[in-house]
Amino acid sequence: MRRALALARRGCTTPNPMVGCVIVREGDVVGEGYHRLAGTPHAEPAALAQAADAARGATVYVTLEPCSHFGRTPPCAPAVVAARPARVVVATLDPNPVVSGRGIQMLRDAGIAVEVGLLGEESRRLNEAYFHFRSRHRPLVTLKWAATLDGKIATRSGDSRWISGGKSRALVHRLRARSGAVLVGIGTVLADDPLLTARYRRAPRQPLRVVLDSRLRLPLTSALVASVAQAPLLVCCGAAAPDEYARRFAERDVEVLRLPEAAAGGLDLGALMEALAARQIDSLLVEGGGATHAAFLAAGLADRALVFVAPKVVGGAEAPTAIEGTGCALMREAAAGSVRSVRRIGDDVLLDVGFTPRDAEEATPR
């Protein structure tokens with residue numbers, strides 16, 4: 001099962017889960033497979049094709065319950081049944097209501113022994129965004145920033161290239177490829193003119209790029225607009241944004257989404273979450289700036305933060321920090337998180353911090 005989980009991590013499957021499969025017969029691995037990309041064959045058919053006739057009477061280890069419904073590919077449970085293994089070991093059930101329990105029952109009805117739960121927590125952690133989306137009905141929101149030892153995300157002049165090292169930046173590109181969408185505020189765009197694409201050799205997919213731009217100030221000459229053929233772009237604005245500006249974006253294949261305003265000002269991020277969920281976006285990587293990060297925290301929508309801390313000191317009261325806005329007056333009002341992991345990336349340190357969003361207690365599976 002550990003080998004199956006390692007295979008699953010190779011996939012870039014959003015909004016589908018990452019799944020790995022290993023088939024063992026008489027102590028030998030006879031087939032392996034993993035789900036590479038949404039719309040491509042799933043892990044089980046890939047492993048079964050490699051095992052061929054050796055799958056009969058074997059044990060199939062799979063990190064998620066085999067699906068039992070038609071999507072972009074045929075269901076996996078009937079394919080497993082047809083291969084006639086003696087036993088199937090499943091890490092965890094699929095939370096998708098059209099699958100959950102049905103794939104297991106299909107195998108058992110065919111006389112195949114099924115065990116569920118081996119390394120189940122590891123499988124659920126691997127597919128955190130998928131499980132979150134199924135239980136909360138909105139994307140998993142991750143705030144991401146790079147900061148110096150003194151907490152600065154740029155110098156007083158606005159220069160931020162580069163705070164973190166090359167290994168950290170390479171990891172961010174892989175995070176983008178695995179995210180359903182990447183979001184920034186218009187301030188970040190005007191300051192940095194980013195691309196927000198996943199740029200590494202053989203990047204399997206590009207995320208939806210989202211800009212919060214209430215007044216449609218995004219320059220038509222920006223790198224984001226110029227690269228729309230490479231990766232889709234969604235610009236979110238308020239009701240008062242000029243129709244003429246929206247038309248100009250549409251002429252360049254840039255989608256404009258008008259959102260209501262939040263009671264505290266700015267765009268309604270809850271409405272944005274609903275719009276992204278309707279597009280089957282299961283994960284959102286928020287890359288700044290400070291006002292945008294503060295807005296997600298204030299709205300109770302930040303699930304976790306990935307913070308790359310570089311061994312540099314910038315100093316200066318005017319140098320920006322990762323979280324802006326008015327902040328809190330008392331320490332007990334601070335947004336408190338828990339450290340999920342700490343790892344070294346080159347000379348940087350990556351902190352993975354989890355938050356408890358306001359909607360967590362209200363989440364009920366459907």
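The values are calculated or read from the model by the stated rules, or taken from the named source; none is laboratory data. Because the structure is a prediction, the values reported are computed rather than measured. Ideal geometry is used to build each Cβ from the backbone, glycine not excepted, and the neighbour counts take in all protein chains shown. Please note that ligands, DNA and RNA were not included when accessible areas were found on the heavy atoms of the full protein model with its side chains. Shrake-Rupley method; radii C 1.70, N 1.55, O 1.52, S 1.80 Å.
Asp268 meets all of the listed conditions (1) surrounded by fewer than 16 Cβ atoms within 10 Å (Cβ to Cβ); (2) free of Cβ contacts under 8 Å to residues at least 12 places away in the same chain; (3) not β-branched (Val, Ile, Thr) but one, namely (1). Of all residues in the range 328-341, at least one satisfies being in contact with a strand residue (DSSP E or B) (Cβ under 7 Å, 6 or more places away or on another chain), part of a loop (DSSP other than H, G, I, E, B), among the small types (Gly, Ala, Ser) and in contact (Cβ under 8 Å) with a residue 12 or more places away in the chain.
Specify which of the listed residues (Ala191, Ala240, Ala170, Ala203) is open to solvent by 20 Å² or more (accessible area, probe 1.4 Å), over 19 Å from Leu269 (Cα atoms), more than 21 Å from the chain's Cα centre (by Cα) and not charged (D, E, K, R). Walk me through it before giving the result.
Numbers: Ala240 fails: over 19 Å from Leu269 (Cα atoms); Ala170 fails: more than 21 Å from the chain's Cα centre (by Cα); Ala203 fails: more than 21 Å from the chain's Cα centre (by Cα).
Only one candidate qualifies: Ala191.
Of the set (1) part of a loop (DSSP other than H, G, I, E, B); (2) of a type outside the set (Gly, Ala, Ser); (3) within 24 Å of Ser227 (Cα to Cα); (4) open to solvent by less than 50 Å² (accessible area, probe 1.4 Å), all apply to Leu301 but (3). Here the helices (runs of 4 or more DSSP H) wholly within the range 222-297 that include at least 2 residues being among the acidic types (Asp, Glu) and out of contact with any Gly (no Cβ under 8 Å at 6 or more places or on another chain) are 243-251.
Being open to solvent by less than 50 Å² (accessible area, probe 1.4 Å) and of a type outside the set (A, V, I, L, M, F, W, C): is that true of Asp352 here?
Values: open to solvent by less than 50 Å² (accessible area, probe 1.4 Å): yes; of a type outside the set (A, V, I, L, M, F, W, C): yes.
Yes.
Please verify whether Leu196 is in contact (Cβ under 8 Å) with a residue 60 or more places away in the chain, buried (at least 21 other Cβ atoms within 10 Å of the Cβ) and either within 15 Å of Val286 (Cα to Cα) or among the small types (Gly, Ala, Ser) (or both), treating the condition exactly as stated. Reasoning before the result, please.
On the way: in contact (Cβ under 8 Å) with a residue 60 or more places away in the chain: yes; buried (at least 21 other Cβ atoms within 10 Å of the Cβ): yes; either within 15 Å of Val286 (Cα to Cα) or among the small types (Gly, Ala, Ser) (or both): yes.
When the stated conditions are applied, Leu196 passes them.
Among all residues of the range 255-262, there is at least one that is open to solvent by 20 Å² or more (accessible area, probe 1.4 Å), over 21 Å from Asn16 (Cβ atoms) and at pLDDT below 95. Being under 24 Å from Val19 (Cα atoms), open to solvent by less than 30 Å² (accessible area, probe 1.4 Å) and within 23 Å of the chain's Cα centre (by Cα) narrows it down to one residue among Leu212, Leu208, Leu183; which is it? Answer to the selection: Leu208.
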